[in-house]
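Here the structure is laid out as structure tokens; the discussion comes afterwards.
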Amino acid sequence: MIRDITIGQYYPSESVIHRLDARVKFIATIAYVIAIFLFDTFWGFLPAAVWLLTIIIVSGIPFRFILKGLKAVLFLLLFLVIFNALMTPGEVLVQWWIFKITDKGLTNAGFMALRLSMLVIGSGMMTYTTTPSQLTSGMESLFKPLGIFKVPVHEVAMMMSIALRFIPILLEETDKIMKAQQARGADFESGNIFRRAKALIPVLVPLFVSAFRRAGELAEAMEARCYHGGKGRTKLHPLKFAARDYISLALIIGFVVGMGFVP
Amino acid sequence: MSITFDKVEHVYGKGTSFEKMALKNVSFHIRDGEFIGIIGHTGSGKSTLIQHMNGLLKCTGGNIYYDGKDISDREYDRKTLRQNVGIVFQYPEHQLFEATVGKDVAFGPGNLGLPDLQADLRTYEALKSVGIDDSLLDVSPFDLSGGQKRRVAIAGVLAMKPKVLILDEPAAGLDPVGRRDILEMIARIRREENITVVLVSHSMEDVAEYVDRIMVMNDGALAMDGTVEEVFARKEELEEMGLSVPQITLLMQDLKDDGLIDETGIYTMDEAVRILSQRLLKR
Amino acid sequence: MVRFENVTFEYIRRDEEGNVDSITTALDDLSLHIKKGEFVAILGSNGSGKSTLARHINALLKPTEGKVLVAGYDTSNDKDTLEIRQRAGMVFQNPDNQIIAETVEEDVAFGPENMGMPVDEMQKRVDEAMKRVGLYKKRLESPNRLSGGQKQKVAIAGILAMKPECIIFDEPTAMLDPAGRRMIVETAHELNKKDGITIILITHNMEETVGADRIIVMEKGRIALEGTPRQVFSKGDRLKELGMELPAMTELAQRVGLDGCILTREEFVEAYKKAIR
């Protein structure tokens, strides 16, 4: 079940998109997200859609895998569509009891669905094509200037990458603890919402205890291996701009400027 | 309770790229009161197997019967099954959660819907049988020593009064004395309560010493199933699976190869001592 | 290589107001000298102070009293901490809780990265270290997909990439299956013999200590028994008092009354032949 959700996963491949510098991909994603929120006309969406499609094709990631990412937000998507379709005032097309569907409602719902899907797929492309460690070192490098305002950029990046590594381990642990408590007669499946929430205490307490124990042991292991914060640290794979990164950056700038001419 | 597995199969993540056959065509029958050892390297399917034994996992193929009744039947009472078949997972002390030892052990009986008095009684009994003193009833389980925590966790399962007790590496991580104590305790509980015990272990020595019958898991299949003698006689096959036989068995084999003794299939220290001292005394 | 001079270490527990609640003496006036290239096994029941001792060697803990010297550096001097940690690496019990990065290669590089090693040198050392433990082919894989024994090997490679003089193993095999155990103990012996790395192995498993140069048995923060495996295991009664056992071969030999302290199967067969003649 949890494995079905592809969003946030890395899809290993050797495409140009995969090899791009994480910083370039990060900037591109931001530009893209701004683009889809700025426009609500067909002509406004077209460039972003073409842009997204190109990236998907070049990255070589199968469409099936990408669509699976949408599954995670399916409910939100449906809710937004229905909400928009019913709640927008305008010329009534269909009416049934107190429900009215208006022409404006329909267009709103359509754009909303399109916008959200494109947002999920677009930001998904970033994580599919970038390893978590590249992602965090890219962010660390981009946000480095914030260091002068005493923002602990390196520490935050390190925390993110450790969290990413431990998510699967903690999920497995949750499963183990739930099974152990089920073996002692715990019931997580019946009763109302309060009963179910209460039934989770025997899972959450051991989970927190174990997370803290792991954190302590990990901190010790990191210290034992000479970790002393970001000062004087080097990287096995330092981020380096190649020709493809400069070209991509030029394309992004072109895209952003181009958006200014969209009617 | 007798347990029958008939061609049991389990596939994880069917239809996804993660698809993995964790159990393949596993069939066996466990009689009431047996002491069974399960061995196999990490990832051989041992833990998937024991989770099927009390219905925590459902098989994707084949059938499982308890006392002749199919547990996948819609009418089968799965709650009673979980009560009757207790599982002590690896490092069970990691599942303690209550504020006091007493409350933690009473969690299981409470879930069974027993009246308080009866639940308390079971808590006392269970703690007594694992050798935890009454004075620790109101202590936080997190303040106990490692060995004590493990005993409390085992008591939490015993308080369910299971008819079958499954333990996954109950001695892992303990020092030699702690190891021996826990294993002796399990053997004693089995005698006193007259229950079926399934012991999953990495230690061939422990298995040789305590169990009557060994099941060997390899790559999701039940590779061997027999008495201790029968299984440890197949040394080469075991080694191919990344397992081994007890040191004593290896030694006695060496002595036999050199024509120094005639006996085969010796796998415990006591037997080896008996045979070798007899010979040495004769001189 | 490692020298403990009258080291005492106290764990102080405080209540919510910060008042001292209890004091546990984990190391009690302990003196110890481990020579360069030695293979030392440390035994002792839970709570005897083994892990506390180990954590002093790589300056994770500092003595309350006394002095710990590692490769000539005093662990109480904070400015030498990194020098010490490069030279004395540590492998912990739980394989999952000591892997930091998402790929084998990046995890092995974690130590050198912290040292600020130049990139070319780092790649070379990381590659060498991975080849040394036989994980080069898995360098781009996620550590989550490795077996327990392989994860411990990643941890060892991570230390080797820092070119250590000494590796401390704190119950590295407790969570592994027999094949994994063998793999790690063999690796430790190989690093000791071929690379001359000083090894300190903490374990509960008697069989793992048979090949050591020296065994130290701890009790209540002190050294209770010390010597070559033969010397230590010939004191069976004292060992039992300390909550330890004998290796299977030693115990059998003693129980059937064979002379000398026997440690291995080969020795047993020889001694038995002699006795029966």
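Only protein heavy atoms count here; on that basis, with a 1.4 Å probe, B:ASP6 has an accessible area of about 60 Å².
Of all the options B:LYS46, B:LYS128, B:LYS103, the one that moves most in a Gaussian network model of chain B with Cα springs shorter than 10 angstrom is B:LYS128.
Cα centroid separation, the range C:192-262 to the range A:38-89: 67 Å. Legend: residues A:TRP97, A:TRP43, sorted from most to least accessible area (1.4 Å probe; ligands, DNA and RNA excluded), read A:TRP97, A:TRP43. When B:TYR91, A:TYR128, C:TYR136 are compared by accessible area at a 1.4 angstrom probe, the order from most to least is C:TYR136, B:TYR91, A:TYR128.
In the protein assembly as shown, the ratio of gyration radius to Kirkwood radius, Rg to Rh, stands at 1.01 when only Cα atoms are counted. If you take the Cα centroid of the range A:227-252 and the Cα centroid of the range C:6-45, the two points sit 44 Å apart.
Could you order B:THR42, C:THR187 by accessible surface area, starting with the largest, using a probe radius of 1.4 Å? Walk me through the numbers on the way to the answer.
Details: B:THR42 90, C:THR187 20 Å².
From most exposed to least exposed: B:THR42, C:THR187.
Return the inverse of the average 1/r over all pairs of distinct C-alpha atoms in the range A:132-232, which is the Kirkwood hydrodynamic radius, in Å to one decimal. Mind dumping the intermediate values first?
Numbers: mean 1/r = 0.0611 Å⁻¹.
Kirkwood hydrodynamic radius for the range A:132-232: 16.4 Å.
Antiparallel DSSP bridges in the range C:2-236: what percent, to the nearest 5? Of those bridges, close to 55 percent are antiparallel. A probe of 1.4 angstrom, applied to the heavy atoms of all protein chains, finds B:ASP116 with accessible area near 120 square angstrom. Take the alpha carbon gyration tensor of chain A, find the square roots of its eigenvalues, order them as a ≥ b ≥ c, and report rounded if a/c is under 1.5; if not, report prolate when a/b exceeds b/c, else oblate. Oblate, since a/c reaches 1.5 and b/c is not below a/b. For the range C:84-127 versus the range B:145-216, the inter-centroid distance based on Cα atoms is 38 Å. Computed on the range B:120-199, with alpha-carbon pairs under 8 angstrom and 6+ residues apart, the relative contact order is 31 percent. A Förster radius of 22 Å combined with the Cβ-Cβ distance from C:ALA174 to C:LYS220 puts the calculated FRET efficiency at roughly 0.55.
Output the pairs from A:LYS176/B:LYS235; C:LYS138/C:LYS193; A:LYS235/C:LYS163; A:LYS235/C:LYS151; C:LYS163/C:LYS220; A:LYS179/B:LYS163 with a Cα-Cα distance over 29 Å in this structure; if there are none, say none. Flagged as over cut-off: A:LYS176/B:LYS235; C:LYS163/C:LYS220.
Site pair B:ARG188 and B:LYS282 shows an inter-label distance of 3.9 nm when each label is modelled 7 Å from Cα along Cα→Cβ. Over all pairs of different C-alpha atoms, chain B has a mean inverse distance whose reciprocal, the Kirkwood radius, equals 20.4 Å. Each Cα pair under 8 Å and six or more residues apart adds its separation to the average, and for chain A the resulting relative contact order is 25 percent. Kirkwood radius, the range C:1-153, all distinct C-alpha pairs, inverse of mean reciprocal distance: 17.8 Å.
When chain A is treated as a Gaussian network with alpha carbon springs shorter than 10 Å, the biggest mean-square fluctuation among A:GLY44, A:GLY185, A:GLY122 belongs to A:GLY185. Among residues other than B:ARG274 with Cβ under 11 Å from its Cβ, the summed charge is -1 (Lys and Arg +1, Asp and Glu -1).
The values are calculated or read from the model by the stated rules, or taken from the named source; none is laboratory data. Fair warning: this is a prediction, and the values are worked out from it, not measured in the lab. Neighbour counts run over all protein chains shown; Cβ positions are idealised from the backbone, glycine included. Keep in mind that these areas ignore ligands, DNA and RNA; they rest on the heavy atoms of the full protein, side chains included. Shrake-Rupley method; radii C 1.70, N 1.55, O 1.52, S 1.80 Å.
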